[in-house]
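> Structure provided below as structure tokens; questions to follow.
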Amino acid sequence: MTMARKRLVIAIDGPSASGKSTIAKLLSKKLGYTYLDTGAIYRALAWKALQRKMELNSEKEMSRLARQSSFKFHQQGGDYMIMIDGEDVSDKIRHPQVSEAASKISSFLGVRQTLVKIQQEIGAKGGVVAEGRDVCTKVFPEADFKFYLDASLAERAHRRYLELKEHGIIVSEEKVKEDIQRRDRSDSQRTHSPLIRCEESIYIDTTDLTIEEVLNFTLEKIKFREGDFLSLTTTKN
Ligand code: DC
């Protein structure tokens, strides 16, 4: 008889451009788990509100919009797609204007209650690597592993600048830095589920580390506690 292995919940929080998405994607691929980008859900909702030219400062309107929207996720290999009401918005949600709007509407409790529920349903059976701002504290407080990724502001601004450039979005590095700083402030100072580094999270400063180094560090931590779990479940690459 073969025993079913426990499918873990791995939670990663951290500020913008700290490397969460890159590491969460790679970890999920290694483990054959679902990758859950919680920020993409806030972004998709913000994109819809912007499209409809809605009042972003109205908690009532934004909370209603969240309740009335449907979200779908599709993952194949390294590609990850998010749809809202059947429309693929995976690329559209990366624009700086959407980042700003997502940060704003994510401060509303009504919005968070609806979106957190969706995220918890996705992770209910385990086998998920989730990343965001409140994944360790609110979405999956019982997660098997919690990591907090960080990096210096200059490094994060540089990474985000390169990422935007790759997507054909030209903004100066200085402007990217200002945007990140403003968003950091609002994401960590809001009343509901602010970004905090919780005590039990393993802290990783990725400023001077390569992606491979961060990935190996996280895998080692999981391996250390889960024994032979990884050698039996990881896929190659
Ligand atoms: O991770 P990101 O930059 O794609 O997230 C976009 C915004 O969504 C971020 O500024 C704050 C919000 N967010 C949140 O409030 N809670 C999460 N778990 C993830 C993102």
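> Per residue, how big is the convex hull of segment 1-150 when only Cα atoms are used? Give it in Å³. All intermediate terms of the calculation are to be shown ahead of the outcome.
Numbers: hull volume 17.1 nm³, N = 150.
Looking at segment 1-150, the number lands at 114 Å³ per residue.
> In the structure shown, do any of Lys6/Lys138; Lys20/Lys221; Lys72/Lys104; Lys53/Lys92 have a Cα-Cα gap over 19 Å, and if so which? Spell out each step's value before the answer.
Details: Lys6/Lys138 22 Å; Lys20/Lys221 16 Å; Lys72/Lys104 22 Å; Lys53/Lys92 16 Å.
Over 19 Å apart, Cα to Cα: Lys6/Lys138; Lys72/Lys104.
> Further question: Assign unit charges at the C-beta atoms only (+1 for Lys and Arg, -1 for Asp and Glu), then state the dipole size of segment 114-237 relative to its Cα centre in Debye, rounded to the nearest 20. Don't skip to the answer; put the middle values down first.
Details: 20 positive and 24 negative charges, 89 e Å.
The dipole magnitude comes to about 420 debye.
> What order do you get for Thr207, Thr137 when you list them from fewest to most C-beta neighbours inside 10 Å? Spell out each step's value before the answer.
Numbers: Thr207 14, Thr137 19.
The most exposed by this proxy come first: Thr207, Thr137.
> Just want the answer: with Cβ charges of +1 for Lys and Arg and -1 for Asp and Glu, which residue in Gly19, Gln119, Ala151 is farthest toward the dipole's positive end in segment 7-157?
Looking along the dipole axis, the top candidate is Gln119.
> Only Lys, Arg, Asp and Glu count, each charged at its Cβ (+1, +1, -1, -1), so figure out the dipole size of segment 8-76 about its Cα centre, rounded to 20 debye. The partial results should precede the final answer.
Working: 12 positive and 5 negative charges, 51 e Å.
Its charge dipole is roughly 240 debye.
> Below 8 Å between Cα atoms, with a sequence gap of 6+, how large is the relative contact order for segment 61-210 in percent?
Numbers: 143 pairs, mean separation 36.0, N = 150.
Once divided by the residue count of segment 61-210, the mean separation gives 24 percent.
> Using a cut-off of 13 Å between alpha-carbon atoms, which aspartates and glutamates can reach Lys117, once sequence neighbours fewer than 8 places away in the same chain are excluded?
Asp134
Taken together, the values in this text are just the output of simple stated rules run on the coordinates, not laboratory data. Since this is a predicted model, take the numbers as computed values, not measurements. FYI the Cβ positions are ideal-geometry reconstructions off the backbone, even for glycines, and counts take in every protein chain you see.
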